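One structure is given here, and the rest of the page talks about it.
The values are calculated or read from the model by the stated rules, or taken from the named source; none is laboratory data. If you're wondering where the values come from, they're calculated on a predicted model, not measured in any experiment. All Cβ positions, glycine included, derive from the backbone under ideal geometry; neighbour counts span all protein chains shown. Accessible surface is based on the protein model in full, side chains and every heavy atom, while ligands, DNA and RNA are left aside. Shrake-Rupley method; radii C 1.70, N 1.55, O 1.52, S 1.80 Å.
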Amino acid sequence: MGPVKPGLPLSIFDPIPIGIDEFGMQVLIRLIWRNLLIGGEPGAGKSALLNVLVAYAALCLNCKLILLDGKQVELGQWRKCADAFVGPNIVQALVLLTKLQKMMDNRYAFLLDCERRKVVEKIQTLSPITGEIIWVPDAFLPYVVAIDEIAYYSATTGDKKQREEFAALLRDLVARGRAVGIIVIAATQRPSSDIIPTSLRDLFAWRFAGRCTNDSSSDIVLGHGWAQKNWSANSISPNNPGAGLLIAEGGSPQLVKTAYLDDRTCAAIAAHAASLRATVTAADRRALRAVPAAA
């Protein structure tokens, strides 16, 4: 993966380098207008891929970063870069997703008034000075919503009503959020129907399966039928963490070895990203208000 020049902000509209393929070639994925589901057994490298994507998003000044982490520590190093961070608290998670849903509805109302269909990087307009056609940044910044251990919120904590509300809110964001720039990246060990409702899981277009214990688990992550076509994450060696099968632009699985950022590297990138984001004015950022503590 190529070096990032100090002080140079990235763009969430560009392809994101995540690792290499089996031939040693760099693998890029474009997440704008997409959602990504990451699954696999413990230690398969789910959090490694999630941290690479969060690191990239943190260095993008043209997106906002929302983090939900049931364990706190997997994404905790990025909390100073984030517009909102929620740990193991279902009440705060529901408040946050409700705010995102409201923001999504407001954006759709604006696009309807403007006779537009989606958020883009730049739009054409007329210069108020010269009258010439110019390109200016869109009024809306994309949101990257990264969730580690989605099962904590959807199947473990809180009561049944809260867990169902979380799944319903998240499903709405995944189903309708793409056009208004909401990118959901969710990681969990085995996204079976008791963890993630099938109606939610099937909405994720991009999939990454780290090593799975059997073909059935692999198909749950990648989609039904891939194991029968000899694409199973069960064939990945347990001694090869970070390797997995990725379904992205090509539409078919490809073997990928994701990049790995250790704690020291994550801390350094997070500090640099926080410094970059601190230079952006409040008018440009319009960050979410702080999520209130649970009653």
From highest to lowest solvent-accessible area (probe 1.4 Å; ligands, DNA and RNA excluded), Lys71, Lys80, Lys229 read Lys80, Lys229, Lys71
Among Cys266, Cys114, Cys212, the residue with the largest mean-square fluctuation in a Gaussian network model of the chain built from Cα contacts under 10 Å is Cys114
Expressed in Å to one decimal, the Kirkwood Rh of region 29-279 from all distinct alpha-carbon pairs is 18.9
To the nearest Å², the heavy-atom accessible area per residue of region 29-279 with 1.4 Å probe amounts to 44
Heavy-atom accessible area with a 1.4 angstrom probe orders Trp135, Trp33, Trp231, Trp206, most exposed first, as Trp135, Trp231, Trp33, Trp206
Taking every other residue with Cβ under 12 Å from the Cβ of Leu255 and scoring Lys and Arg +1, Asp and Glu -1, one gets 0
In whole Hz, the Karplus estimates of ³J(HN,Hα) for region 139-152 (6.51, -1.76, 1.60; θ = phi - 60°; x where Gly or Pro) are 5, 10, 8, x, 10, 9, 10, 9, 10, 9, 6, 4, 4, 4
SASA check, Met25, accessible area w/ 1.4 Å probe, all protein chains in place, rounded to nearest 10 Å², comes out at 120
Going residue by residue through region 247-264, the Karplus relation 6.51 cos²θ - 1.76 cosθ + 1.60 with θ = phi - 60° gives ³J(HN,Hα) values, rounded to whole Hz and with x marking Gly or Pro, of 10, 9, 3, x, x, 10, x, 9, 6, 10, 10, 6, 5, 10, 10, 6, 4, 5
Note: Asp262 to Glu121 extended length (0.36 nm per residue) minus current alpha-carbon separation gives 47.6 nm
Listed by chain and number, the residues whose amide H is under 5 Å from that of Ile29, excluding neighbours fewer than 5 places away on the same chain and using placed H, are Ile16, Ile18
